[in-house]
Amino acid sequence: MRVLAPLVLLIIPSLCLAQPQISFNGGLASFKMSDMKNHQAELKIQFPVDAKVITSFPVFWSYDFAITTDVSRWLRIGGVVGFTSTGGRMSYRDFSGAIESNQTVTSWSTAIQTAVLLNLNENLPFFFVCKTGVTSGRYDLDIMVELNGSKDSDNTAFRSVNLFLEPGIMVSKRFAQRLSANLTAGYNVNVDKGKQRLVSNSDLYLLDNSGEAVTLDWSGFRISFGVSIELN
Amino acid sequence: MIFCHSNTSVFFLALVSILLFRCAFESDEEYFRELKIPDPKRASAIIRPIDLSSYNPGDTIDFFGNTSFFFSLTGEHGRLESATVYLNTADNTWNVIASGSTTQFAISKHNLIDGIFPLRLDLTLTSGSGSLADALGEEKFDISLTWFLRVDLSPPLPPTVNLEIVDGFLTLEWSAYKKPNFEFYEVNRKLPNGVTNTFQLNERQATVWRDESYVGGYNFPIEYSISIVSETGRATSPPISRIDPLDLRFSFDPKDSTFTFDWEPTPFYGPFEGYKINFETGKEIISLPNASTSTHSDKLSMAAFGAESSVGFHLQSKLKALNEPWHWHSFQLGTPITFSLAGKITFNSYLNSLIALDTENSLLQLNDKFEPLATLAILKGSNWLSPFPGNYVFSTSNNYSDDNIYRLQLATNAEVTYDYFYLGSSISTYSVAGNGLICLDYDRPPLPSANIPPLYVTRAFDPATNINVYTESSNTVKLSASISEDGKYIRADNDRVFKINGGSSELVGSFAGPGAFLGFRQDNSSEMMFADGDRINFYASDTFEFIRTLEPPKPFYRWFGSYDSQTKNMLWTRSVLSTDPIYAVHIETGKAKSVQVSARSAHNKFYLVNGFLVYEDHFIKLY
């Protein structure tokens, strides 16, 4: 809710102004996650057996929900709430037992979205879109050891906050009177990456073997497809 | 409618958003590693004492002393977690003798006795399967392996040793000690002088040892023994004696100074380096390298007349380690005197032959070969004089024990005895003359009981008549005089010279010249001899005029009184002989003749007589 609060503060005034739109977009996101990949490698070395890295922070689905309004013929502004996630997994199993590590990272982001119309073609308008906001990340590390029929698991969770910019291009196609289809492509840049603080004790944060803070870096390409509805 | 439709769409979008927002990343793919399940029965170990071949479980391991063991793990296994070694000793209990996490352990011989005992090795191993459980140390095997330990700590038995000559070497052979607790063999060689040499052989198979030094030639036995030294003790064979005395014969021919050695060749040609023959000075005469040589003759040019010389014979080994003895043989140059001579041989002018006294006090007449011709008389003692020209022979009993001087007249064989105990005084010195006179010095101490002062007398007289031809006495001054050999002159204290004329004597004068009086010339008493340094000055006895000087033939040579009246030669030597010769010097011409003599000789045992040089009981002809 703390993430949604700023968005509400932006959206309500825009609804009062003129021709508001809501839109939902879903698509694929890639993630840099360089610290986390190193972190995964360090975890792997500590395993007593040679576990296999199954995944290492791959491209995954991302979604966002936006409310915007036209400020002028050329400019549209609004708020966006987005969600995405990715993760890493290492696994080992033999006749005697198993050991696995699941690293799940999720991101809730809140941003101000600005869209600038680049052409006057009403059938197929192009927009330069830029989102500016914060993302709240969570990292869940789940390690499970199964030996001689008994299981033992452990969960450790961290939270962090990043600031990001996401410039991009959006093309829109109206296919009904109030409905439009949107195709958006952009690149998310995390301009400030916060420390991952332990959920159970925020005084502690995650470090790598060299003593550097391990951060979540959500930077990466974004491509999404969505639908917009004009409310008025 | 639109609105309604819009509301429916919004609702629909919101629903889809909520549903999709729940779709966080999730992965459940799994990696399975196919591994072979380990079988504890397939793990084992092989134990072996270090340096020995492998033993399989169940084998018997021979134990002969402190031994380090090593076991190697076989079959499928991981690392060794722990190892515990037990020995079931005589009391039928399993005793821990070693534990740890290494593949080595040691068993000490202490507290063990001979016998066969089970040896158990309990091992804890990881499976080594590579599984997760193995990696976490949760997959282990416990295996137990058993051997038998046969303990034999009995000491070695004394070896039987054979001593033979093999390939020219004295060789010892014995049977090998076969137990692995062998440490070394020890060869002991005890020499006749008590010194024992020890040789250590570290190879078990080295059961032959040859003496690289022994070449024989000892007159006393050398003892050999072999010791076997093992970890459990030492055993020594009974000593075996070996004696190879040198069968050596020596001969010397004084005619040509040739010596000959004959010997039995040594059978020890292996270590043999040579037969060495050395002169007494250490100078090598010859070295004969052929072991089969059995005789050698050589002319001994380096020997000199005088004291005995010797040549040594020596068997020498290449190693020179045994200090083989030298066998010395003595000989003497010159012709040996065939009778037992006492004192010196003298030429008697009256008899015109050599005379000498033997050890039986027989006065012998000798021929020119120093062989006795006749016994002239039996003298009363070995102290005898035959002054020039030799009409009389004087003798005293040994040590003057009966205070008599005996005078034997050779022409008549008549003997006069003179008791020289006179006025309570005793004889101090005396001299005799060839005309029968005796010159005596008496020293009588004071007689306190009768308050009689001391009495000193010197006189010359004929013992047959006791008539003095010269006499002096004093109660205060000790007196001394001597008579010339021909009885013509007396020399008294204060360098006074008296000339005897008939039954009396008259003072010639006091000689004031330099030097120490040596005496009147034996065969010409008109000449007096004085030592002036090393030279001798001759003065006329009647006038004290200087006649001539004899210089020593070489510096530091002196005349010690030996004079041959027949050849008129004086013998000049050094007081300590060296490698320099001695000289016969003509008393009138000074012509010298050198003779090389042994440096080991005593100079005062050389004398000249009748043209011969005599040293003790050997003589050589000089003229």
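Here's a check for you: in the range B:79-92, which residue that is at pLDDT 85 or above and not charged (D, E, K, R) is nearest to B:S230 (Cα to Cα)?
B:L87
Report, ordered by the first and then the second residue, all pairs with beta carbons closer than 8 Å, sequence separation of six or more or different chains, a first member in the range B:294-312 that is farther than 27 Å from B:L608 by Cα, and a second member that is modelled with pLDDT under 90 and of a type in the set (D, E).
B:V311/B:E280; B:G312/B:E280
In the range B:313-342, what count of residues is obtained for those that are over 30 Å from B:V195 (Cα atoms) and either without any contact (Cβ under 8 Å) to a residue 40 or more places away in the chain or surrounded by fewer than 14 Cβ atoms within 10 Å (Cβ to Cβ) (or both)?
Total satisfying the criteria: 4.
Out of everything in the range B:198-229 that is surrounded by fewer than 15 Cβ atoms within 10 Å (Cβ to Cβ) and under 23 Å from the mean Cα position of the chain (by Cα), what residue ends up being modelled with the lowest pLDDT?
Restricting to residues being surrounded by fewer than 15 Cβ atoms within 10 Å (Cβ to Cβ) and under 23 Å from the mean Cα position of the chain (by Cα), the top hit is B:N219.
In the range A:88-95, is there at least one residue being of a type outside the set (A, V, I, L, M), under 21 Å from A:F158 (Cα atoms) and modelled with pLDDT of 95 or more?
yes
Within the range A:217-227, how many residues turn out to be within 13 Å of chain B (Cβ to nearest Cβ) and surrounded by 21 or more Cβ atoms within 10 Å (Cβ to Cβ)?
Qualifying residue count for the region: 3.
Just the residues that are away from chain B (no Cβ under 11 Å) and farther than 18 Å from B:E26 by Cα, please, taken from the range A:33-64. Lay out the reasoning, then the answer.
Going residue by residue through the range A:33-64, those that are away from chain B (no Cβ under 11 Å) are A:33-46.
Residues satisfying the conditions are A:S34, A:D35, A:N38, A:H39, A:A41, A:E42, A:L43, A:K44, A:I45, A:Q46.
Scan the range A:65-103 for residues that are β-branched (V, I, T), at the interface with another protein chain (Cβ under 7 Å from one of its Cβ atoms) and either surrounded by fewer than 20 Cβ atoms within 10 Å (Cβ to Cβ) or over 20 Å from A:K32 (Cβ atoms) (or both) and jot them down.
A:I99
Do you know which of the residues in the range B:117-139 that are in contact with a helix residue (DSSP H, G or I) (Cβ under 8 Å, 6 or more places away or on another chain) and of a type in the set (S, T, Y) is farthest from the other protein chains (Cβ to nearest Cβ)?
Top of the filtered list is B:T126.
With respect to the numbered conditions (1) within 14 Å of A:A66 (Cβ to Cβ); (2) among the small types (G, A, S); (3) modelled with pLDDT of 95 or more, which one is the sole condition not fulfilled by A:S34?
All conditions are met except number (1).
Is it true that B:E138 is in a strand (DSSP E or B) and acidic (D, E)?
Taking the combined requirement at face value, the residue does not satisfy it.
List every residue pair whose Cβ atoms lie under 6 Å apart, where the two residues are 6 or more positions apart in sequence or sit on different chains, the first residue falls within the range B:70-84 and is basic (K, R), and the second residue, located anywhere, is in a loop (DSSP other than H, G, I, E, B) and surrounded by fewer than 17 Cβ atoms within 10 Å (Cβ to Cβ).
Going by the 6 Å Cβ cut-off, there are no qualifying pairs.
For A:S202, indicate whether it is away from chain B (no Cβ under 13 Å) and small (G, A, S). Quick ask: steps written out before the conclusion?
On the way: away from chain B (no Cβ under 13 Å): yes; small (G, A, S): yes.
The answer is yes for A:S202.
Which count do you get for residues in the range B:364-383 that are surrounded by fewer than 22 Cβ atoms within 10 Å (Cβ to Cβ) and in contact (Cβ under 8 Å) with a residue 40 or more places away in the chain?
The total comes to 2.
In the range B:354-371, which residue that is acidic (D, E) and under 19 Å from B:L622 (Cα atoms) is modelled with the lowest pLDDT?
Selected residue: B:D368.
Go over the candidates B:D142, B:D114 one by one and state the one that is of a type in the set (D, E), under 30 Å from B:T207 (Cβ atoms) and more than 14 Å from every other protein chain (Cβ to nearest Cβ).
Being of a type in the set (D, E), under 30 Å from B:T207 (Cβ atoms) and more than 14 Å from every other protein chain (Cβ to nearest Cβ) holds for just one of B:D142, B:D114, which is B:D114.
Answer yes or no as to whether A:L124 is outside any strand (DSSP E or B) and away from chain B (no Cβ under 14 Å). Before you say what the answer is, go through the steps one by one.
Values: outside any strand (DSSP E or B): yes; away from chain B (no Cβ under 14 Å): yes.
When the stated conditions are applied, A:L124 passes them.
Sort through A:R138, A:R178 and tell me the only one that's within 18 Å of A:F57 (Cα to Cα), within 14 Å of another protein chain (Cβ to nearest Cβ) and either modelled with pLDDT of 95 or more or surrounded by fewer than 19 Cβ atoms within 10 Å (Cβ to Cβ) (or both).
Sole residue among the options that is within 18 Å of A:F57 (Cα to Cα), within 14 Å of another protein chain (Cβ to nearest Cβ) and either modelled with pLDDT of 95 or more or surrounded by fewer than 19 Cβ atoms within 10 Å (Cβ to Cβ) (or both): A:R138.
May I ask you to say which residue of A:N162, A:N119 is in a loop (DSSP other than H, G, I, E, B), free of Cβ contacts under 8 Å to residues at least 60 places away in the same chain and either farther than 30 Å from A:V49 by Cα or not β-branched (V, I, T) (or both)?
A:N119
Pick from the range A:22-32 the residues that are at the interface with chain B (Cβ under 7 Å from one of its Cβ atoms) and either hydrophobic (A, V, I, L, M, F, W, C) or assigned to a loop (DSSP other than H, G, I, E, B) (or both): which of them is nearest to A:T86 (Cα to Cα)? Lay out the reasoning, then the answer.
As a first pass, look at the range A:22-32 and keep what is at the interface with chain B (Cβ under 7 Å from one of its Cβ atoms): A:22, A:24, A:26.
Pick out the ones that are also either hydrophobic (A, V, I, L, M, F, W, C) or assigned to a loop (DSSP other than H, G, I, E, B) (or both) and you get A:22, A:24.
Details: A:I22: 26, A:F24: 20 Å.
So, considering only residues that are at the interface with chain B (Cβ under 7 Å from one of its Cβ atoms) and either hydrophobic (A, V, I, L, M, F, W, C) or assigned to a loop (DSSP other than H, G, I, E, B) (or both), the one nearest to A:T86 (Cα to Cα) is A:F24.
Only one of these is out of contact with any Phe, Trp or Tyr (no Cβ under 9 Å at 6 or more places or on another chain), surrounded by 15 or more Cβ atoms within 10 Å (Cβ to Cβ) and closer than 21 Å to B:A206 by Cβ: B:T236, B:T232. Name it.
Criteria check complete, one pass: B:T236.
Which numbered condition trips up B:V595, out of (1) of a type in the set (V, I, T); (2) buried (at least 21 other Cβ atoms within 10 Å of the Cβ); (3) closer than 25 Å to B:N367 by Cβ?
(2)
Would you please name the residue that is surrounded by the fewest Cβ atoms within 10 Å (Cβ to Cβ), looking only at residues in the range B:477-522 that are outside any loop (DSSP other than H, G, I, E, B) and in contact with a Leu (Cβ under 7 Å, 6 or more places away or on another chain)?
If we take residues in the range B:477-522 being outside any loop (DSSP other than H, G, I, E, B) and in contact with a Leu (Cβ under 7 Å, 6 or more places away or on another chain), then B:R496 is surrounded by the fewest Cβ atoms within 10 Å (Cβ to Cβ).
Looking at B:D134 and the list (1) surrounded by 14 or more Cβ atoms within 10 Å (Cβ to Cβ); (2) in contact with a strand residue (DSSP E or B) (Cβ under 7 Å, 6 or more places away or on another chain); (3) farther than 30 Å from A:R93 by Cα, which single condition is not satisfied?
Only one criterion in (1) surrounded by 14 or more Cβ atoms within 10 Å (Cβ to Cβ); (2) in contact with a strand residue (DSSP E or B) (Cβ under 7 Å, 6 or more places away or on another chain); (3) farther than 30 Å from A:R93 by Cα is unmet by B:D134, namely (3).
The values are calculated or read from the model by the stated rules, or taken from the named source; none is laboratory data. Remember, predicted model here, so these are calculated numbers, not experimental data. Virtual Cβ from ideal backbone geometry, glycine too; neighbours counted across all protein chains shown.
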